[in-house]
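Asker: Dumping the structure here so I can ask a few things about it.
The values are calculated or read from the model by the stated rules, or taken from the named source; none is laboratory data. Only a predicted model underlies this, so the values are computations on that prediction, with no experimental measurement involved. All Cβ positions, even for glycine, are placed from backbone atoms using ideal geometry, and neighbour counts span all protein chains on display.
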Amino acid sequence: MKISSKKIDNCQQLLHFPESSTFRAIMYYFWKFYFKLIGWKLREPFPGPLPKAVLAVGPHTSWQDFIIGVATRSLMRIGPIYFLGKKELFDGPFGWLFRALDGKPVDRFSNKGMVEQVAELFSKDPNFKIALAPEGTRKRVDKLRTGFYHIAEKAGVPIVLVGFDFKTKQVCFSNPLYPSNEEQDMKTIHNFYGSMTGKFPEKDLQHLGKLEASI
């Protein structure tokens, strides 16, 4: 059965809840109660005001990181924080749902690379923030992917590191980091994540912090 474009538009309008201040308020108190229930908290407020930023989130060792991330996004109360998805997901019948959840499509087959595509998104929106996972996987890694860094560099926006510390049950924010010297900046990034304990410590990034300390 073919779904008409009019019906899809109507569904999108009804379910585009990120734009609803009432829905945002409800979710804020829901996640506030949830954090209190499980003993988590934000260690400090999000640094700002920052109209544009790349939020680099880690360590990523468990599916539970997603729940903590969704809760944190709501509790920060700084407006939409977008995520990236394959363009094919947005072209399908559920594309409206991914957009409603603040997703942004990336075309893997475009002549423009991901860095340039996301930098363009920043240029088109005066209040654009995007969350990325530097590890790109829940497996242990010995090197972070640097796409998030080059996106911030290309767009001329700061990076805010977001750490999920399961040992202290705290979400931690770094001061804004403006890309200037990749080698030195990556040391700062490694040290930040090196102080965070993931849900599964054997897969987190503490070893990167220890490596920097030994150099």
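Asker: Read through the list (1) surrounded by fewer than 12 Cβ atoms within 10 Å (Cβ to Cβ); (2) modelled with pLDDT under 95; (3) not small (G, A, S), then give the number of the only condition that L37 fails.
Answerer: Among (1) surrounded by fewer than 12 Cβ atoms within 10 Å (Cβ to Cβ); (2) modelled with pLDDT under 95; (3) not small (G, A, S), the lone unmet condition for L37 is (2).
Asker: Can you tell which of D102, D65 is on the phi > 0 side of the Ramachandran plot, buried (at least 18 other Cβ atoms within 10 Å of the Cβ) and not hydrophobic (A, V, I, L, M, F, W, C)?
Answerer: The conditions single out D102.
Asker: Could you look through segment 97-121, keep only residues that are touching a residue at least 60 places away in the same chain (Cβ under 8 Å) and assigned to a loop (DSSP other than H, G, I, E, B), and pick out the one that is nearest to V157 (Cα to Cα)?
Answerer: Ranking the candidates gives D102 first.
Asker: Go over the candidates G58, G69, G79, G103 one by one and state the one that is in contact with a Gly (Cβ under 6 Å, 6 or more places away or on another chain) and modelled with pLDDT of 80 or more.
Answerer: G103
Asker: Return a yes/no flag: does segment 137-147 have any residue that is touching a Leu at 6+ places or on another chain (Cβ under 7 Å) and either of a type in the set (V, I, T) or surrounded by 19 or more Cβ atoms within 10 Å (Cβ to Cβ) (or both).
Answerer: Scanning segment 137-147, I find no residue that is touching a Leu at 6+ places or on another chain (Cβ under 7 Å) and either of a type in the set (V, I, T) or surrounded by 19 or more Cβ atoms within 10 Å (Cβ to Cβ) (or both), so the answer is no.
Asker: Could you look through segment 68-94, keep only residues that are touching a residue at least 60 places away in the same chain (Cβ under 8 Å) and either assigned to a loop (DSSP other than H, G, I, E, B) or small (G, A, S) (or both), and pick out the one that is surrounded by the fewest Cβ atoms within 10 Å (Cβ to Cβ)?
Answerer: P93
Asker: Kindly provide the set of residues from segment 146-163 that are of a type outside the set (G, A, S) and closer than 16 Å to P47 by Cα, ordered by number.
Answerer: V157, P158, I159, V160, L161, V162, listed by residue number.
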